[in-house]
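Only one structure is covered here, and it is reproduced in the block below.
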Amino acid sequence: MTRIVEKSILGQYQGARITRFVITAEDVALKAKPGQFIMLMVKEEGERIPLTVVDTNKKDKTVTLIVQELGFSTKLLGSMNVGDSLYALVGPLGHATPIQNFGEVVLIGGGVGIAEIYPVAKALKEAGNRLITILGSRTKDLLILENELKAVSDEFYVTTDDGSHGRKGFTVDVLKEILESGRPLPKIVYAVGPIPMMRRVAETTKAANVKTLVSLNALMVDGTGMCGGCRVTIGSESKFTCVDGPEFDAHDVNWAELTKRNQVFVEQEKHICHLGRV
Amino acid sequence: MRKEPVKVREVEAEKRVAGFDEVVLGYSEEEALTEASRCLQCKNPVCINGCPVGINIKGFIHHITQKDYKGAYFTIREKNNFPSICGRVCPAEYQCRKACILTRKGSPFASDNSINIHFLERFTGQMGINNGWMVPSETSEDLSKFKVAVVGSGPAGLCCAGELARKGIQVTIFESLHKTGGVLRYGIPPFRLPHSILDFEIDYLKKIGVVFKPNSIIGKGKTLQELKNEGFDAIFLGLGAGIPTFLGIPGENLGNITSANEFLTRANLMSAFKFPDYHTPVNIGRHVIVVGGGNTAMDAARVALRLQKMRGIPLDTTLVYRRSEVEMPARRLEIAHAKEEGLKLKFLVKPEEFIGDANGLVQKLKCVACELGEPDASGRRRPVEIKGSDFELDCDLAVVAIGLKANAILPKVTPELTTDKNGDVIVDPQTMETSIKNVFAGGDIVGGEGTVIEAMGMAKRAAQGIINRLLAPTSGTNLENTKGVGYANKC
C-alpha cells in the first residue's frame, strides 16, 4: 500500500488542474530512471493508469508524480489528499531514456508532458549536454516546472497558446526557428506532450533530419507486456509501448493510428465522468 | 446393464449468459456416489497414465464409493494441491478421461461414456473446502531455516509455494499484478473458476505461512541477485506465458481489435463487466469475431456473448478457426457450453486483413476459406488456402486468441538465465533448476503454453528440486530444454 506524503496544485485554469504528488514507493524510488513510469490504482475498483516518474527520493523512499486531472481516474487521484492510501502501485516500468553526452539537445515539453521532460533534462545536463528547452502550455496558469527547467537549461523558451506568458504560439514555432537559423543543428530532440504537438515536432525534425525521441502515452491495462493494448506501429513493426517503449524514434511513429487508438474508450470516459462520482 | 454417466447440473444457457456466475454447478453427494460407482476399478488403471501428475484416480474414486471423502481428498492431494481448481479447468477429455478404458479406442478425445473424473475431483475438492481439510505440514528443523522466493503467483507459483511451505520453509510470493492468482485470475473467467475458489486456495497458503507481495515486478524492481542478497536461499520462477501473439495481418492495429489477454484482463481481473462501478472500460461490438481455437479463444468468445447480453445487444459472436472442429485444442466441454450460449463457429477460415472505417475502428474482417491438407508438425491436418475464396465478415470488435509467448521482462535483464529460441527458460528436467544455481523454474515459462495441471506438475518437481538443493548445496545440474507433456494449446 502506498501513501500520499505531499500534494500541491501546480497549475489551475478554468477547471483544468495539474497536481503534484509525492508518494511512498520503495522499489520505484530505489530503481526508477528518467523516462520510466509506474502503474497506479487509486482504489481497488479503479483503473490501472500509467504515470511518469518525475522524481525520486532514495532516502525517503518516495517518488514524485505530476498529473493533469483530465479523465475520471486522474480526477479521482486528484481528489485524494496527504495521508490517504492508494490501492496499488507497481514499477518502475518501461525503458529508461538513453542518457549520454550528445552535445546539444533540444527538449520540448507541452502541457503535463513538461513533467516528463524534467527528469530527462536533469540527467542530460549532468551528462554534460548543452540544453535548449522549449516549454509550451495553453496558458500561463497551466505552465509547470518553469523555474526548475530554466535552472538546468542553457537556452530557455516558453510559449503559450493564448500569449499570456512567454511568446504566443506553439513550441514547434520556436523549434522551427532554431532549426532554420543556420546555427549547427542539435544532435537530438526529445519531445513529450500532447500527440498533435509531438506529431508536429516529428514532421519538423524529419524534414531537417534531426533524430527525435518521443515518449508515447498509449492506453494500457497491465503495463507489463501482457495485454498489447498499447501497441503502436513503429516503422513497419508493431511494438508495445509499455515494454518496448515508452520512448520511440518520432520519425517512425504512425501518429494517425495512435491518435485513433487512444480514442476507443471516449464514450465510456464521458459516461463515467458525467456520473459525478469524484 | 451398465449405468449411464451422471450429467452434471449446469445453469441453463439463456440464464447464465446474462452474467459471470459459474456455469457448472457440480455433483451432489448422491450424484457423485452414482458416478463413482460406474468406475470399473480396473486392475490396470490406465486413466492414471493420462494424468500429467499421476493422481491415483482409481484410489480416490474408490474412497468416494465408500463415502470416505476425506480419504478421497487426501488421495488427490498427494499429487495435486488444488483439486477444486483442477476439477474445474483441467482438460480432462484430453487427459484422464481420454485414457479411461470406457473411451472408445482411437477417439481424439474422451467418449461421453468415460468416467467423469474431473467432476468427481471437483466434488472431492469442494468437500475439502467445506470441511476445511488441510494436509498436515511436515515441518523439519533442517528446512525451516530456509527462505525461498517464488516469482509469479499463477498455478506454478502457488503450487510450488504450497509444497515448500508445508515443509516449513519460509516462502514469499512476488506478483507483478495487484491481485494474486496469475492466469487463474486475469485469464480464466469467473464463470469457469469463481474467484471465491481461487481465494480459498490462496488463503490456505497464507494460513500455512506463505507471504504474498503483489505489485512486485521482479527484474524491474528488485533483481534476482537482490533477492539473494535479501537472504532468499533459492528462487522459483513461475513467470508464465503472458505475452500475446498477434496475426501479423494488415489492419490489426485498428481500434477495437484486442488480444484475448487484454479483453479477458479487462473483464476478469479489472471487472470491466461491472463498469462504471469498476472503472476499467471494455468495448463490445454488435458483430464480434474471435480468432483462434484454444481455451483462451473459447473464454474470450463466452465473455463477448455475456457482454453483448448484459448491454442489450442481440447475440452475435463468431469464432473463426483455420482448421476444423475436431482439431480445435479447446476443451470439448467449453465448445459445447459456448455453442449452447449462442456462439457461432466458422471453421476452415483464415483471417487475411482487417478493414477499418474513417475513425480507425475495425469494420470488417477479410478472410479466405481453407481445406485440410497433409498433417503438419503437430500431427493435425494443415489448413491450405483455397485460392479465390476470399470473403468478408462484419466485425466491429475482434479478439485475437492465437497463443501466448513467455514473459520476457525478467529473462531480459538476467543474461545468466539461459532461454531457448522461444524465450522459454531452460532447466534440468529432473530438478527444474535453471542455468543459475539455486534458481528453479516451472510452468509455462519452461514448457511453453500448457495447462494448469502441467504447470503444477512441474512446480511440484521443482519444489522437490529446491528441497534437495537446500539440503545438498554442492550437487551438479543437468541443463536441458524440457517441453510440457501431452496437451498444449496449439492453434
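Readers should treat all values here as calculations from the given coordinates under stated rules, not as data from a laboratory. Owing to the predicted nature of the structure, the values given are computational and were not obtained by experimental measurement. Positions of Cβ are generated from backbone atoms using ideal geometry, with glycine treated the same way; all protein chains shown enter the neighbour counts.
Amide H contacts of residue B:174: B:150, B:151, B:152, B:213, each under 5 Å away and 5 or more positions distant or on a separate chain (H built 1.01 Å from N in the peptide plane; Pro and chain starts excluded). Each principal axis of segment B:1-43 carries a Cα extent, and these read 45, 18, 18 Å when sorted largest first. Per-residue extension of 0.36 nm, minus the Cα-Cα distance of residue B:223 and residue B:206, leaves a gain of 3.7 nm for this segment. Under 19 Å from a label point set 7 Å out along the Cα-to-Cβ vector of residue B:44, the amide N atoms of segment B:95-110 belong to B:96-107. For segment B:355-469, the convex hull spanned by the alpha carbon atoms encloses 168 Å³ per residue.
When all C-alpha to C-alpha distances in segment B:209-317 are sorted into bins of 10 Å, what percent of pairs does each bin hold, rounded to whole numbers? Over segment B:209-317, the share of Cα pairs per 10 Å bin runs 11, 33, 25, 19, 10, 1 percent. Which residues among segment A:16-35 fall inside the zone where the amide N is under 17 Å from a point 7 Å beyond the Cα of residue A:6, along Cα→Cβ? The answer is A:18-26, A:29-30.
Two numbers describe the Cα atoms of segment B:246-402: Rg and Dmax, which are 15.4, 51 Å.
Using per-residue counts of other Cβ atoms within 10 Å, averaged over each peptide, order B:278-284, B:410-416 from highest down.
Numbers: B:278-284: 22.4, B:410-416: 16.1.
Peptide ranking by packing, descending: B:278-284, B:410-416.
Among B:176, B:107, what is the fewest-to-most ranking by other Cβ atoms within 10 Å?
Working: B:176 30, B:107 11.
Listing B:176, B:107 from fewest to most nearby Cβ atoms yields B:107, B:176.
Cross-link reach is defined here as a Cα-Cα straight distance under 25 Å, omitting same-chain residues fewer than 8 places apart; for residue A:168 the lysines meeting it are A:140, A:150, A:176, A:206.
Taking every residue in B:251-259 and counting other chain Cβ atoms within 10 Å of its Cβ, the average works out to 5.
Let me know the mean shielding of A:248-259 by other chains, meaning the per-residue number of their Cβ atoms within 10 Å of its Cβ.
Working: counts 0, 0, 0, 0, 0, 0, 1, 0, 1, 5, 2, 1.
Partner-chain Cβ atoms within 10 Å, mean over residues of A:248-259: 1.
Per-residue counts of other Cβ atoms within 10 Å, averaged by peptide: what ranking do you get for B:156-165, B:394-403, highest first? Intermediate values should be presented prior to the final figure.
Details: B:156-165: 29.7, B:394-403: 24.0.
So the peptides B:156-165, B:394-403, ranked by packing, come out B:156-165, B:394-403.
Enclosing the Cα atoms of segment A:104-261 in their convex hull gives a volume equal to 114 cubic angstrom per residue. Taking a ≥ b ≥ c as the square roots of the eigenvalues of the Cα gyration tensor of segment B:312-409, is the shape rounded (a/c under 1.5), prolate (a/b larger than b/c) or oblate? Judged from the Cα gyration tensor, segment B:312-409 comes out rounded (a/c under 1.5). Computed from Cα positions, the angle between helix A:114-126 and the longest principal axis of chain A comes to roughly 60 degrees.
Roughly how many debye, to the nearest 20, is the charge dipole of segment A:104-261 about its Cα centre, given +1 on each Lys and Arg Cβ, -1 on each Asp and Glu Cβ, and no other charges?
Working: 19 positive and 21 negative charges, 39 e Å.
The dipole of segment A:104-261 has a size of about 180 debye.
FRET efficiency for the residue B:14 to residue B:326 pair, using the beta carbon distance and R₀ = 35 Å, is estimated at 0.80. Relative to the globular-protein estimate of 2.2 N^0.38 Å, the Cα radius of gyration of chain A stands at 0.96.
In this simple spin-label approximation, residue A:148 and residue B:421 carry label points 7 Å from Cα along the Cα→Cβ vector, and these lie 4.8 nm apart.
Along the axis of the charge dipole computed for chain B (Cβ charges of +1 for Lys and Arg, -1 for Asp and Glu, origin at the Cα centre), the listed residues B:243, B:450, B:254 are led at the positive end by B:450.
Straightening the chain between residue B:430 and residue B:130 buys 104.4 nm, computed as 0.36 nm per residue apart minus the Cα-Cα spacing. Taking every residue in A:268-274 and counting other chain Cβ atoms within 10 Å of its Cβ, the average works out to 3.
Ordered by the number of other Cβ atoms lying within 10 Å of each residue's own Cβ, fewest first, B:68, B:277 fall into the sequence B:277, B:68. Peptides B:4-17, B:224-237 ranked from most to least packed by the mean count of surrounding Cβ atoms within 10 Å: B:224-237, B:4-17. In this structure, residue A:183 and residue A:266 have a Cβ-Cβ separation that, at R0 = 45 Å, corresponds to a calculated FRET efficiency of about 0.60. With the convex hull drawn over the C-alpha atoms of segment A:2-93, the volume per residue is 84 Å³.
Working note: Karplus 6.51/-1.76/1.60 with θ = phi - 60° gives segment A:63-68 the couplings 10, 9, 10, 10, 10, 8 Hz, where Gly and Pro are set to x. Can you give the FRET efficiency to the nearest 0.05 for residue A:254 and residue B:78, using r as the Cβ-Cβ distance and R₀ = 60 Å? FRET efficiency, residue A:254 to residue B:78: 0.60. With all projection directions averaged, the alpha carbon convex hull of chain B covers 24.3 nm². Scanning residues 5 or more positions from residue B:372 or on other chains, those with amide H under 5 Å from its amide H are B:384, with H placed 1.01 Å from N in the peptide plane. Taken over the alpha carbons of the protein assembly as shown as equal point scatterers, the Debye sum produces base-10 log I(q)/I(0) values at 0.05, 0.12 Å⁻¹ of -0.28, -1.43.
For the pairs B:70/B:206; A:61/A:187; B:213/B:405; B:220/B:350, note any where the Cα-Cα span goes beyond 29 Å. Walk me through the numbers before you get to the answer.
On the way: B:70/B:206 22 Å; A:61/A:187 35 Å; B:213/B:405 24 Å; B:220/B:350 38 Å.
With Cα atoms farther than 29 Å apart: A:61/A:187; B:220/B:350.
Excluding residue A:234 itself, calculate the net charge of residues whose Cβ lies under 9 Å from the Cβ of residue A:234, where each Lys or Arg counts +1 and each Asp or Glu counts -1. Around residue A:234, the charge tally is -3.
Only Lys, Arg, Asp and Glu carry charge here, each on its Cβ (+1 for the first two, -1 for the last two); on that basis the protein assembly as shown has a dipole of about 900 debye about its Cα centre.
Normalised by 2.2 N^0.38 Å, where N is the number of residues, the alpha-carbon radius of gyration of segment B:9-131 equals 1.03. Between the residues A:112, A:193, A:172, the greatest Cα displacement towards the positive end of the dipole of segment A:104-261, with unit charges on the Cβ of Lys, Arg, Asp and Glu, is found for A:172.
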